[in-house]
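One structure below.
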Amino acid sequence: MVLNGNIDSENREVDIGWPGMMSIRVHELDGMYDHPILPMAGETWQLLEIQCHSKLAARRFQKPKKGSKPDGSDDNGDVPAVDMRSNTESPLLWLRVDPELEYLAEIHFNQPAQMWINQLERDKDVVAQAQAIATLEALPQLSFSVVNALNNFLSDSKAFWRVRIEAAFALANTASEETDWAGLLHLVKFYKSRRFDANIGLPKPNDFHDFPEYFVLEVMQ
């Protein structure tokens, strides 16, 4: 806001960076690596170099067909081997910023959707799982891989029940024509497989022998 040619710095909203240290945890193909003391200059944008310990797998080629010549050719002419490596193949599985929640800061972190899926499926930290679910749910463009990842996490009885409930809500919120209502169909199938009695056509009585499973099913009623 400008008054009489002077900038009111107290009322002006500006984006500022983090002037201090920040910790980054990198999950690679070869393992997990912590970078606990990355210096931050306090600028809005800052480029940092982080060492990558893993290496990409060797290029994979299609095996020659049976009956082909030793040089890889056949009677139809020379056919070069096709590189089957995906363009998106990377030694990085997913990253986490401030994984131990050491800083009183609101952190906005972006990474590809597949890396969020990797974080949801492989990270055992419930905070990391909840962050992945919240981010996948808020993606502007949903895919079946995202819906399937949420459904697989919901069906995992070893996962923490509170986070499984978040996955259930995410499936409900992501159900749309864009995904053929796949999230809703997964929820109905999950509920019927555990609570529905096909003989009488009604839900089964509550089973309190497994409280985590009971709490997950309770939110669907």
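Only a single item in (1) crowded, with 21+ Cβ neighbours inside 10 Å; (2) outside the structural domain of Ser193 (by TED's automatic domain parsing) is not met by Glu102, and it is number (1). Put simply, of Leu48, Leu56 the only residue that is out of contact with any helix residue (DSSP H, G or I) (no Cβ under 9 Å at 6 or more places or on another chain) and either under 16 Å from Tyr103 (Cβ atoms) or modelled with pLDDT of 75 or more (or both) is Leu48. Filtered by the rule that a residue be in a loop (DSSP other than H, G, I, E, B) and in contact with a Ser or Thr (Cβ under 7 Å, 6 or more places away or on another chain), region 18-52 gives Leu29, Asp30.
The sole residue among Lys204, Lys158, Lys192 that is at pLDDT 90 or above and either surrounded by 15 or more Cβ atoms within 10 Å (Cβ to Cβ) or farther than 28 Å from Gly31 by Cβ (or both) is Lys192.
Of the helices (runs of 4 or more DSSP H) that lie entirely inside region 85-169, those containing 1 or more residues that are touching a Gly at 6+ places or on another chain (Cβ under 7 Å) span 144-155. Screening region 170-221 for residues that are among the charged types (D, E, K, R) and in a helix (DSSP H, G or I) and picking the one that is nearest to Lys124 (Cα to Cα) gives Glu213.
The values are calculated or read from the model by the stated rules, or taken from the named source; none is laboratory data. This structure is a prediction, so every number in the text was calculated from the model and none was measured. No Cβ is skipped: glycine too gets one built from the backbone with ideal geometry, and neighbour counts run over all protein chains shown.
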